[in-house]
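Okay, so here's the structure we're looking at.
We did not get these values from a lab; they are worked out from the coordinates using the rules stated. No experiment lies behind these values; they were computed from the predicted model shown. Using ideal geometry, Cβ is built from the backbone for each residue, glycine included, and neighbour counts are taken over all protein chains shown.
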Amino acid sequence: MFDLENIKDPSFVKSLNVKELKVLAEEIRAFLIENISKTGGHLSSNLGVVELTIALYYVFDPKEVDVLFDVGHQCYTHKILTGRAKEFKQLRQFGGLSGYINREESEYDIWESGHSSTSISAMSGIMLASKKRCISVIGDSSIMNGVAMEGLTFLGQIKGINPVVILNDNKMGITKSVGALTRALTRLRGSKFHVGLKRVLTKIFPNWLHVACHKIKRSFKALIQKDNVFEDLGFDYYGPYDGNDIVPLIKALKRIKIQKEPILLHVLTKKGKGYAPSEADTTGNFHGVEPFDIKTGKPLVSCDDKISYSKLVANYLVEKRKTKEFKVITPATKAGAKLDEFNDKYPKDFYDVGIAEEHAAVMAAGMAIAKTDVVLLMYSTFAQRAYDEILNDIARQDLKVILGLDRAGIVGEDGITHQGIYDVSMLLSMPNIIVTMPKDAEEAIGLFNYAFTQKHPFAIRYPRCKLQKQELDYNQICDLSWPTLRIGKKGIIISYGPDVERLNHLVEENNFDLTVINARSLKPIDSDALENALATNLPILVFEQNVASGTLYSKILEYKEEHGYTNKIFFHGFKPGIEITFGSLDEVYSHYGWSDSEFINFIKEKLSW
Ligand SMILES: Cc1ncc(C[n+]2csc(CCOP(=O)(O)OP(=O)(O)O)c2C)c(N)n1
């Protein structure tokens with residue numbers, strides 16, 4: 001029995017025998033299931049890499065070699081082995097342990113990401129600058145992204161360094177991996193017999209014999225065929241190995257440790273290993289989980305009366321498709337965007353392109369050129385990766401792509417890398433694009449219906465929060481005007497999204513004599529409504545869940561200056577450069593000035609009440 005909470009650093013792993021290593025793996029797995037069932041977190045990806053992480057620290061010394069975990073969502077065993085087991089009770093809680101690699105937490109945390117597929121490029125930089133050896137641990141879905149491919153193409157032709165890419169192949173991204181490269185991986189995986197035979201041979205033969213055989217096989221193969229995409233890119237390919245079997249894994253790692261060229265080690269792991277419901281999951285439900293009952297695998301808090309904005313939009317698209325032809329594209333977020341039903345009902349109109357935001361955006365532009373209506377659904381944070389394509393290919397060409405930006409605003413437990421607080425600044429600077437945010441479910445449907453009727457790129461942002469379930473009219477439509485939700489005489493609040501609804505309630509509850517305007521279209525602005533607001537000469541308070549840079553607030557200021565108004569205008573949002581950490585939505589809201597009481601304080605302070 002290991003005292004996981006008293007582990008200081010991973011060096012102790014080297015002194016364990018095979019039996020002890022296996023016990024350690026089982027105990028870590030039990031620890032992960034127990035803790036994640038209470039806190040929530042990335043369950044399946046972490047259960048799959050327990051042996052791989054232990055084996056890495058058995059063979060390599062982290063003082064000599066940097067290990068870079070791509071995305072960083074599979075780093076929990078690494079955190080346990082580097083002395084952070086005690087903090088798992090606070091995993092992803094405000095002020096607690098981050099669910100990702102975090103350089104402030106540990107000297108062993110080398111590369112922060114959250115957004116996938118950067119580890120190979122990062123390791124290229126580290127190795128070329130420091131000569132320190134690096135290992136990238138990257139999943140089969142993340143390696144297919146363009147950034148990872150650029151990294152591989154670069155590294156494969158660099159001489160004099162020996163990077164190691166460990167391809168952790170579990171045949172899954174959040175849901176099943178997609179794309180032609182998946183097919184290439186299937187060929188490399190070979191049959192179960194092949195992997196089994198390899199396991200036996202690895203156990204029997206010494207390492208030098210394996211290396212020799214591997215080199216001879218490679219030279220012969222190169223004469224007759226080139227069917228290994230990684231070898232074609234300049235990597236010496238080792239594998240596939242069973243990544244959940246610690247003995248062959250250690251042998252394979254020892255083998256590559258002595259190599260002097262770029263290595264790709266292909267390991268096959270079982271996503272969700274060791275917990276029946278997550279092993280059986282193909283829908284992505286156990287990729288990231290809320291607290292759950294270990295016996296049943298069901299979430300502890302049932303939200304049967306609630307619906308997420310993602311699900312609302314997905315339901316709308318299913319309904320809309322009954323009467324209107326259009327395509328839906330999503331880059332690897334089919335599960336989060338709740339698009340299973342659309343996919344099942346309209347498979348010919350649905351494209352999950354894998355982790356390929358840039359490709360998704362340009363492909364949507366292509367569909368629009370071909371006069372086909374298309375809805376591109378991305379998380380706000382990942383749309384950042386397609387900044388140039390949204391700007392240059394969609395917006396500049398004024399193409400009718402309906403861009404659904406999910407998880408706009410603060411996101412909670414994923415923390416800093418996932419906050420949706422930049423897309424307003426990004427989009428408002430682009431030509432032609434209309435940018436909107438609905439205050440509730442009805443307005444969301446209304447804006448989507450409006451988007452279908454017009455001819456320009458059209459972004460609809462929606463947040464990560466949940467809504468009360470209700471009967472909805474899927475045919476309603478709303479325009480880009482700014483409705484006034486209430487009229488008062490002491491000042492004017494302008495906001496959008498669910499925040500404007502919240503502010504309206506607060507103003508009512510507190511009997512504040514204020515006007516509240518719903519600026520559901522951030523671009524174009526409703527200049528009549530703004531003109532009327534400015535003409536009152538009342539102070540204006542703008543609330544936006546975005547960094548204060550090029551947002552609606554700036555547009556209002558510009559308008560005021562241009563038209564010679566003198567109102568005082570105040571902004572409540574986030575300072576550029578702010579680092580909004582992880583925690584429950586409520587905790588993060590209250591810590592960063594977004595609680596009801598902070599709203600009230602801000603109003604009172606600015607209006608000198
Ligand atoms: C650029 C980007 N797009 C989308 C995501 C959302 N995302 C997080 S993990 C993940 C799947 C990763 O799959 P894989 O690399 O195979 O690792 P596994 O979880 O299977 O171990 C996705 C799509 C992301 N983190 N970054």
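Relative contact order of the range 484-606, taken over Cα pairs closer than 8 Å and 6 or more residues apart, is 24 percent.
The phi torsions of the range 159-167, fed into the Karplus equation with coefficients 6.51, -1.76 and 1.60 and a -60° offset, translate into couplings of 9, x, 10, 10, x, 10, 9, 9, 8 Hz, rounded to whole numbers, with Gly and Pro shown as x.
Close amide H contacts of D242 (hydrogens built in the peptide plane, cut-off under 5 Å, sequence separation of 5 or more or a different chain): L268.
Shape verdict for the chain, please, from the Cα gyration tensor: rounded (a/c under 1.5), prolate (a/b greater than b/c) or oblate. Judged from the Cα gyration tensor, the chain comes out prolate (a/c at least 1.5, a/b above b/c). Couplings 3J(HN,Hα) of the range 175-185, computed from phi: 10, 4, 5, 10, x, 5, 5, 4, 5, 4, 5 Hz, in residue order, whole Hz [Karplus 6.51 cos²θ - 1.76 cosθ + 1.60, θ = phi - 60°; x for Gly and Pro]. Relative contact order of the chain: 11 percent, from C-alpha pairs under 8 Å at least 6 residues apart in sequence. Computed from Cα positions, the angle between helix 246-257 and the longest principal axis of the chain comes to roughly 90 degrees. For the chain, which longest stretch is free of loop sites, where a loop site is one of the GluC sites (Glu not before Pro) that DSSP puts outside H, G, I, E and B and that has at most 10 other Cβ atoms within 10 Å? Between the exposed loop sites, the longest stretch runs 108-324. Close amide H pairs (under 5 Å, H built 1.01 Å from N) link G491 with T515, residues at least 5 positions away or on another chain.
Using a ≥ b ≥ c from the Cα gyration tensor of the range 306-468 (square roots of the eigenvalues), is it rounded, prolate or oblate, where a/c under 1.5 gives rounded and otherwise the larger of a/b and b/c decides, a/b for prolate? Rounded is the answer for the range 306-468, as its axis ratio a/c remains below 1.5. Answer rounded, prolate or oblate for the range 467-579, using the Cα gyration tensor with square roots of eigenvalues a ≥ b ≥ c: rounded when a/c is under 1.5, else prolate when a/b is larger than b/c, else oblate. Verdict is rounded for the range 467-579. Per-residue ellipticity at 222 nm, computed for the chain from helices alone with -39500 (n - 2.57) per DSSP H run of at least four residues, works out to -11000 deg cm²/dmol.
Exceedance of the 29 Å cut-off in Cα-Cα distance is limited, within the set K131/K271; K273/K306; K176/K257; K176/K295; K79/K273, to K131/K271; K273/K306; K176/K257.
Sorting D499, D479, D293 by the number of Cβ atoms found within 10 Å of their own Cβ, with the fewest placed first, yields D293, D479, D499.
Given the pairs K400/K560; K324/K439; K270/K320; K38/K469; K469/K555; K298/K334, which are separated by over 29 angstrom at their Cα positions? Table pairs above 29 Å Cα-Cα are K400/K560; K270/K320; K469/K555. Compared with the dominant Cα axis of the chain, that is its longest principal axis, helix 596-606 is turned about 50°.
What is the helix-to-structure angle for 18-39, meaning the angle in degrees between its Cα long axis and the longest Cα principal axis of the chain, kept from 0 to 90 and rounded to the nearest 10? So the helix axis and the longest Cα principal axis differ by about 10 degrees. Here V137, V318, V424 are placed in order of increasing Cβ neighbour count within 10 Å, fewest first, which gives V318, V137, V424.
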